[in-house]
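Novice: Following this message is one structure expressed as structure tokens.
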Amino acid sequence: MKKIQYTELLKRLTAHKVDSMYLILGKENYLEQQIQDAFQKLVPEEEREMNVASYDMEVTPLGAALDDATSAPFFGERRIIFVKNPYFLTGERHKGGPVHDIDGLQAYLDRPVETSVLVFLASYEKLDGRKKIVKTLNNQAITIQIGNLNQNQVSQLVTAKLEENQYSIASEALEQLLFRTDSDLSKMMNELPKLMLYNVKERTITVESVDALVSKSLDQNVFDLSNAVLQKNSKQAIDIYQSLITQQEQPLRINAVLVSQFRLLLQVKILQNQGSSQGDIAGTLKVHPYRVKLAMQTSRRFSMNDLTMGYTGLIDLDLQLKSTQKDPELLFELFLLQFVDQKIA
């Protein structure tokens with residue numbers, strides 16, 4: 001298998017060093033779009049309509065893409081053919097879809113056309129390595145893995161994008177941006193234009209701008225809710241809860257995330273008491289490091305008894321939400337009243 005990194009692929013394509021077959025493996029919308037754009041730029045703009053094509057294997061037979069790949073470029077140097085959703089490379093089964101000429105693809109992979117570039121966009125975690133066609137593709141194609149990026153890789157790509165535009169980002173702002181977007185590269189890249197515009201004079205993305213412009217997910221809103229509960233700030237807790245209900249969040253889902261947050265705080269508290277570091281805890285619990293950092297800060301301020309009582313009270317609230325027809329907001333307020341009065345058994 002010939003593997004290269006995403007950045008290396010872009011360098012090669014920019015230098016017009018092109019192979020005949022590529023396998024783009026993994027789901028990451030931003031990187032996939034960047035790669036498609038780079039391939040399209042290999043063909044002059046006036047030739048793209050005739051010499052760049054895209055085929056979705058969920059609706060189009062593979063034979064159509066192969067016919068295109070075996071055809072000579074139309075008044076140009078090369079053809080670019082994107083093969084999207086090639087589910088026949090995985091263990092997935094699709095009923096009622098088009099019939100795919102796998103034997104024809106096998107023959108093409110053995111003898112590719114020099115003037116065509118065949119690009120498989122496989123947005124899957126893995127392929128079925130037992131299949132002959134997958135083995136051949138792995139041997140013949142240049143593979144670029146773009147899925148399952150870790151936090152460091154995401155941070156480097158975001159920082160590089162900002163540097164291209166003569167911007168920098170404060171470390172705390174980067175942490176907050178990672179947290180609010182769940183380290184999703186596509187989400188982060190979508191947030192950058194407005195953050196750069198907001199900080200156009202300073203040319204540095206600040207944590208204040210991230211707080212002001214990047215919306216919170218349900219998990220992050222519930223993080224604030226759990227802190228309000230633990231601080232026994234009833235008004236703030238009820239305000240946040242009602243705001244989530246207004247945003248059409250379901251009470252059961254809100255409570256499930258609350259239970260998860262209190263469970264995390266308990267786990268972090270226990271591991272902290274055992275001497276584990278932030279990195280060790282994040283690795284053990286498989287949780288975002290910044291989320292662990294915030295949980296460590298929170299758990300230090302509250303006793304094990306408070307955390308346990310909150311957790312058991314939320315478990316009881318979950319049972320009530322599922323077994324009664326009482327108003328969810330009223331049930332939450334009763335839980336809060338009991339917790340503030342320290343009456344949860």
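The values are calculated or read from the model by the stated rules, or taken from the named source; none is laboratory data. Note that the structure is predicted; figures quoted are calculated from it, not measured. Cβ coordinates were reconstructed from backbone atoms using ideal geometry, including for glycine residues, and neighbour counts include every protein chain displayed. Heads up: the accessible areas ignore ligands, DNA and RNA and are worked out on the full protein's heavy atoms, side chains in. Shrake-Rupley method; radii C 1.70, N 1.55, O 1.52, S 1.80 Å.
Novice: Out of segment 176-203, which residues are under 24 Å from residue 31 (Cα atoms) and of a type outside the set (A, V, I, L, M, F, W, C)? Lay out the reasoning, then the answer.
Specialist: First, pick out the residues of segment 176-203 that are under 24 Å from residue 31 (Cα atoms): 176-197.
Matches in segment 176-203: 176, 180, 181, 182, 183, 184, 186, 187, 190, 191, 193, 194.
Novice: Considering each residue of segment 302-324, count those that are surrounded by fewer than 15 Cβ atoms within 10 Å (Cβ to Cβ) and more than 19 Å from residue 256 (Cβ to Cβ), and give that number.
Specialist: Matching residues across segment 302-324 total 3.
Novice: Select from segment 146-201 the residues that are in a loop (DSSP other than H, G, I, E, B) and among the small types (Gly, Ala, Ser) and write down the one among them that is nearest to the chain's Cα centre (by Cα).
Specialist: Here is the first cut: in segment 146-201, the ones in a loop (DSSP other than H, G, I, E, B) are 146-150, 165-167, 170, 181-184, 199-201.
Imposing the further condition that a residue be among the small types (Gly, Ala, Ser) reduces the set to 147, 170, 183.
Values: 147: 9, 170: 22, 183: 6 Å.
Step by step, filter segment 146-201, then rank; the result is 183.
Novice: Right, next: Out of the residues in segment 218-259 that are surrounded by fewer than 16 Cβ atoms within 10 Å (Cβ to Cβ) and of a type in the set (Ser, Thr, Tyr), which is nearest to residue 341 (Cα to Cα)?
Specialist: 234
This table checks each residue for (1) within 27 Å of residue 192 (Cβ to Cβ); (2) free of Cβ contacts under 8 Å to residues at least 60 places away in the same chain; (3) surrounded by 15 or more Cβ atoms within 10 Å (Cβ to Cβ).
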| residue | (1), (2), (3) |
| --- | --- |
| 108 | no, yes, yes |
| 112 | no, no, yes |
| 121 | yes, no, yes |
| 130 | no, yes, no |
| 137 | no, no, yes |
| 142 | no, no, yes |
| 150 | yes, yes, no |
| 158 | yes, yes, yes |
| 161 | yes, yes, yes |
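Novice: Among the candidates 303, 260, 299, single out the residue that is touching an Asp or Glu at 6+ places or on another chain (Cβ under 9 Å) and among the small types (Gly, Ala, Ser).
Specialist: Details: 303 fails: touching an Asp or Glu at 6+ places or on another chain (Cβ under 9 Å); 299 fails: touching an Asp or Glu at 6+ places or on another chain (Cβ under 9 Å).
Just one listed residue meets the conditions, 260.
Novice: Same structure again: Among (1) modelled with pLDDT of 90 or more; (2) farther than 14 Å from residue 223 by Cβ; (3) of a type in the set (D, E, K, R), where does residue 263 come up short?
Specialist: That leaves (2) as the condition not met.
Novice: May I pose another question? Inside segment 197-216, can you point out the residues that are open to solvent by less than 80 Å² (accessible area, probe 1.4 Å), touching a Ser or Thr at 6+ places or on another chain (Cβ under 8 Å) and either over 14 Å from residue 162 (Cα atoms) or of a type in the set (Phe, Trp, Tyr) (or both)?
Specialist: 214
Novice: Can you name the residue in segment 163-177 that is of a type outside the set (A, V, I, L, M) and in contact (Cβ under 8 Å) with a residue 12 or more places away in the chain and is also surrounded by the most Cβ atoms within 10 Å (Cβ to Cβ) among such residues? Give the derivation first.
Specialist: First pass over segment 163-177, keeping only residues of a type outside the set (A, V, I, L, M): 163-168, 171-172, 175-176.
With the extra rule that they be in contact (Cβ under 8 Å) with a residue 12 or more places away in the chain, the set shrinks to 165-168, 172, 175-176.
On the way: 165: 10, 166: 8, 167: 18, 168: 14, 172: 13, 175: 20, 176: 22.
Per the stated criteria, the residue is 176.
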